1. Which residue out of V133, V197, V152 is under 17 Å from the mean Cα position of the chain (by Cα) and either under 25 Å from K401 (Cβ atoms) or of a type outside the set (A, V, I, L, M) (or both)?
2. Which of the residues that make up segment 124-159 are modelled with pLDDT under 95, among the small types (G, A, S) and part of a helix (DSSP H, G or I)?
3. Kindly check whether there is at least one residue in segment 315-328 that is without any contact (Cβ under 8 Å) to a residue 60 or more places away in the chain, part of a loop (DSSP other than H, G, I, E, B), surrounded by fewer than 20 Cβ atoms within 10 Å (Cβ to Cβ) and not basic (K, R).
4. Closer than 18 Å to N241 by Cβ and buried (at least 20 other Cβ atoms within 10 Å of the Cβ): does that describe F200?
5. Does N250 meet the test of being at negative phi and at pLDDT below 95?
6. Restricting to segment 251-304, and then to whatever is in a loop (DSSP other than H, G, I, E, B) and charged (D, E, K, R), can you tell me which residue is nearest to E367 (Cα to Cα)?
7. Among the residues of segment 275-284, write down those that are surrounded by fewer than 23 Cβ atoms within 10 Å (Cβ to Cβ) and either in contact (Cβ under 8 Å) with a residue 24 or more places away in the chain or touching a helix residue (DSSP H, G or I) at 6+ places or on another chain (Cβ under 8 Å) (or both).
8. When segment 296-308 is examined, which residues are found to be out of contact with any Phe, Trp or Tyr (no Cβ under 8 Å at 6 or more places or on another chain) and either under 9 Å from R61 (Cα atoms) or surrounded by 14 or more Cβ atoms within 10 Å (Cβ to Cβ) (or both)?
Amino acid sequence: MKAGIASLEPSTSFFQPAMFEDPYSIYSVFRKTDPVHWDEGLEAWVMTRYEDVAFVLNDRRFSSDRIAVGRRLHPQPQFEPLFDHLSHLMLQHDEPSHKHLRAIVHDAFTRSAMKRWEAVIQSRVDDLLEIAVDLGKMEFLVDFAIPLPVMVISELVGIPIEDRNKVKVWCDDFAFVATNFYAKITDEQLERGLRSVRAFREYLHHQAERIAPGADTSLLELMVQSQGTDAEFSYDELIANCMLLLTAGNETTTNLLGNGLIALLENRDQLSQLIDEPSLIPNAVEECLRYDSPLQFVGRIALDEVQVGTRTIRPGDLVLVMLGSANRDPERFPNPDEFNISRPNNHHLAFGHGPHFCVGAQLSRMEANIAFRTLLPHLESMKVKTQNLRHQQNYNLRCFKDIPLRFSQSPTRARF
């Protein structure tokens with residue numbers, strides 16, 4: 001446990017700069033001392049235990065519609081268009097409207113549908129890794145973990161190759177706003193998000209207008225063609241949720257790949273076991289998701305009076321459920337701070353829980369499984385100074401700033 005963290009008082013504001021590098025020590029203090037914590041600065045409840053987090057995510061007395069909180073915290077007129085846009089996201093809806101919005105994309109992300117993309121993902125992984133192997137080095141995020149999911153989700157949705165760099169920039173700004181607007185964000189960050197959302201919306205509107213009748217090869221084309229049928233979603237909802245898919249389809253997978261790679265390189269015993277037993281790769285991916293979750297928290301609004309532990313949650317209260325903390329709860333996971341690729345019953349909450357379980361979970365898992373399977377023969381020769389690594393200053397989307405790698409020897413091209 002890092003110096004200063006052990007003496008943290010429960011009354012201390014939950015979000016603090018120390019969390020960028022080590023949120024898990026802080027989570028541990030709150031789980032032990034004040035697991036259902038009222039934060040005066042946030043005007044929100046913060047829940048850190050697995051049992052409470054899973055309960056809130058699965059209980060319909062807690063709403064996903066957090067737009068009113070954002071409007072209250074940032075009442076300036078210039079932000080109204082941004083909150084109007086966010087209100088169309090399926091993430092902000094409860095049943096039954098959530099089910100209708102989710103149906104827009106559900107069929108494209110089933111396990112059987114994802115199998116069609118396996119060869120595409122493998123090809124993209126091979127191309128990216130071949131360049132790095134030939135050079136003997138790579139900046140893992142820039143050269144691999146960022147472009148891979150951008151390529152995949154862009155192809156799935158139907159974004160031309162020449163537009164993907166600018167779409168990635170818009171996605172990053174949008175992701176920051178969409179995951180933090182109700183908890184910890186500045187007006188300047190909202191302004192940047194608003195500019196990117198406007199540009200992103202205009203771009204997707206233009207792409208949708210160019211789709212010819214009968215085209216149905218990409219998800220965007222399928223979504224546009226469904227308009228004019230009995231689909232129960234508006235054009236604004238179509239554009240907003242297409243933007244959401246492009247964002248969620250790359251940001252969290254990038255974080256999973258980066259965080260997972262460092263977990264393996266810092267735990268050489270586990271890496272050696274994985275090399276000896278490559279059949280453990282799916283288990284290892286799940287442990288990466290649990291151990292250092294790409295998304296650290298989500299918010300809910302209480303609709304009724306609800307008792308959680310010894311605390312009474314009032315109607316209208318904002319509740320932040322800490323996925324990253326729940327996934328390190330010793331009441332649910334034995335030795336939770338150990339990275340264990342053989343961990344049994346690894347029912348983590350990295351993809352959420354309940355009605356809003358991540359619709360793209362199958363795609364993210366497939367990308368990570370293929371990526372680590374292909375990287376595995378090279379991992380032992382990879383060297384990185386982990387003590388010099390720093391994280392992005394984002395309380396929610398947990399990712400490193402950069403991961404410079406070198407191959408200490410010529411890596412084998414063996415495949416598992």
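The values are calculated or read from the model by the stated rules, or taken from the named source; none is laboratory data. The model shown is predicted, which means the values in this text are computed figures rather than measured ones. FYI the Cβ positions are ideal-geometry reconstructions off the backbone, even for glycines, and counts take in every protein chain you see.
1. Only one candidate qualifies: V152.
2. Selection gives A132, S154.
3. Start the filter on segment 315-328 by keeping residues that are without any contact (Cβ under 8 Å) to a residue 60 or more places away in the chain, which leaves 315-316.
Checking the rest, the ones that are also part of a loop (DSSP other than H, G, I, E, B) come to 315-316.
Of the ones still in play, those that are also surrounded by fewer than 20 Cβ atoms within 10 Å (Cβ to Cβ) are 315-316.
Checking which are not basic (K, R) leaves us with 315-316.
Yes, there is a match, as at least one residue in segment 315-328 is without any contact (Cβ under 8 Å) to a residue 60 or more places away in the chain, part of a loop (DSSP other than H, G, I, E, B), surrounded by fewer than 20 Cβ atoms within 10 Å (Cβ to Cβ) and not basic (K, R).
4. Yes: the conditions hold for F200.
5. Details: at negative phi: yes; at pLDDT below 95: yes.
Against the criterion (at negative phi and at pLDDT below 95), N250 qualifies.
6. Among residues in segment 251-304 that are in a loop (DSSP other than H, G, I, E, B) and charged (D, E, K, R), the one nearest to E367 (Cα to Cα) is D292.
7. Those that are surrounded by fewer than 23 Cβ atoms within 10 Å (Cβ to Cβ) and either in contact (Cβ under 8 Å) with a residue 24 or more places away in the chain or touching a helix residue (DSSP H, G or I) at 6+ places or on another chain (Cβ under 8 Å) (or both): I275, P278, L280, I281, P282, N283.
8. Within segment 296-308, V298, D304, E305 qualify.
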